[in-house]
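To start, the structure itself, in structure tokens.
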Amino acid sequence: MKKSRMVFGVLVIFVLSLNCTGPKDELTGTVQDGLNGDGLAGVEVMMEGTTLSAVTDDKGSFSLEVPLSSNQEVLIARTSGYQQEEYQISFRIGDLVINMLPEPKEFKASDYTGPFIPFTARLEQDVQWESIIDGIRLFYEKRIDAIKPERERYWNRDFSSKEAYIASIAPNRDHFRSILGAVDEREPLSMEKLGQIGETDQYVIYEVRWSVLKEVVPRPALQEWPELDVPGQIFGEGLLLEPKGETKGYAIAIPDADQNPEDLVGLTTGLQEESHFARRLAENDFTVVVPVVIDRSNRWSRGTNRPSRTWIYSQAHEMGRTVAGYEVQKMEALVDWFTEQGGSKSSIGIAGYGEGGLIAFYTAALDTRIDVTLVSGYFAPREKIWKEPIYRNVWSLLREFGDAELASLISPRSLIVEYSDVPDYKGSTSDGKKIEPPGELLC
């Protein structure tokens, strides 16, 4: 009797173990030499922290069954003569390509005592730097065109249902947030009304400021250094248009970098009435915030002709941050405030023109609390991004994201793209030391 009970218990554990195994997905890919692209045979490919592994065939191909839930796991490829390679699999599961680099060879001075370095030849003519630079440009232009059809490798969209689609693009959304640098911890919400600057029969206009990122306390300098004029904390500033009656919803209206919030409200004479979209939203009983956007003047650029956006970009880029990432976090802080004011079911929209269109577009791609997005003066193929101002540069963006792919991060929510002229900008016209590279705004 005891033996029967023991056998029955073992069977129960076995059945439960089978049920816990769960469905699996098949990872397929190729391991190749990162220098010449040749497939590598006999490479062990394993999932980190598990016993799951496979070995590549004579063409470098492998197949590995993994649990469906393992969308943030890491593959490890290793073989003799090559450096171990780690590969995160969160963005696609098929046609993976893992490049491995040979182990570095030991340097021997005796190998370099001849007339020139091995595998090189002496130049028979003077170096033409213009030709070298032009060759680099042509290489990258061709590379940009070549990676466009490869973007689908990074996506694994599931159209079986709305919920399944949103879950399937979540890794891409996380990756976009990472490369944009919109990853800093936000300060607890605080919206401060600095003063009333206008009023109509339908709404009141306030100058406002809101907290965005937590305060950064720098460590003491290791040497004598002039005091930096850098804020320790990032705030958002702008105008709040508050209806006198019950609000129908909430909206962020973002101007171009060469516009002021007052322009969209109709407090200045710089824009035609048709462009006062913030005012029109307020007249239709929406609570509207019009944020200040970092401008393209050089007033913060310390005697150079670099626009403020480029000046910030050149320092933020080294820390994995971008100007657009900082602007997006200002908008997300506003969405926090909207949600606090109206509850989780509040109707929230975002609209922008020019640089504001870019910010609205990026914010909606990242923040799923936004219901409706309007982009004006910004939506186009990005293969000519090298022509645009350098502050729009986002590391490795085009490998996975063009504007169409970013639009798919907003789906199934509403996205409206208005065809319009782009802001008139042909590069820096500011006075100061000429260090700003040329650039022009594309749609």
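Values in this text are rule-based calculations from the coordinates and carry no lab data. The model shown is predicted, which means the values in this text are computed figures rather than measured ones. So basically every Cβ, Gly included, is an ideal-geometry build from the backbone, and we count neighbours across all protein chains shown.
Numbers below:
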{"item": "Sequence-distant residues sharing a close amide H with F286 (under 5 Å, placed H)", "result": "K248"}
{"item": "Fewest-first sequence of M331, M319 by Cβ atoms within 10 Å of each Cβ", "result": "M319, M331"}
{"item": "Centroid-to-centroid separation of the range 252-284 and the range 156-196 [C-alpha atoms, Å]", "result": "26"}
{"item": "Placed amide H near D25: partners under 5 Å, 5+ positions off or other chain", "result": "V66, L68"}
{"item": "In order through the range 265-274: 3J(HN,Hα) via Karplus (6.51 cos²θ - 1.76 cosθ + 1.60), integer Hz, x for Gly, Pro", "result": "9, x, 8, 10, 9, x, 10, 5, 4, 4"}
{"item": "Mean Cβ count within 10 Å, highest first, over the residues of peptides 355-365, 49-59, 127-137", "result": "355-365, 49-59, 127-137"}
{"item": "Amide proton proximity set for S420, modelled H, under 5 Å, gap of 5+", "result": "G377"}
{"item": "Which of E44, E65, E400 has the fewest Cβ neighbours within 10 Å, and the rest in rising order", "result": "E65, E44, E400"}
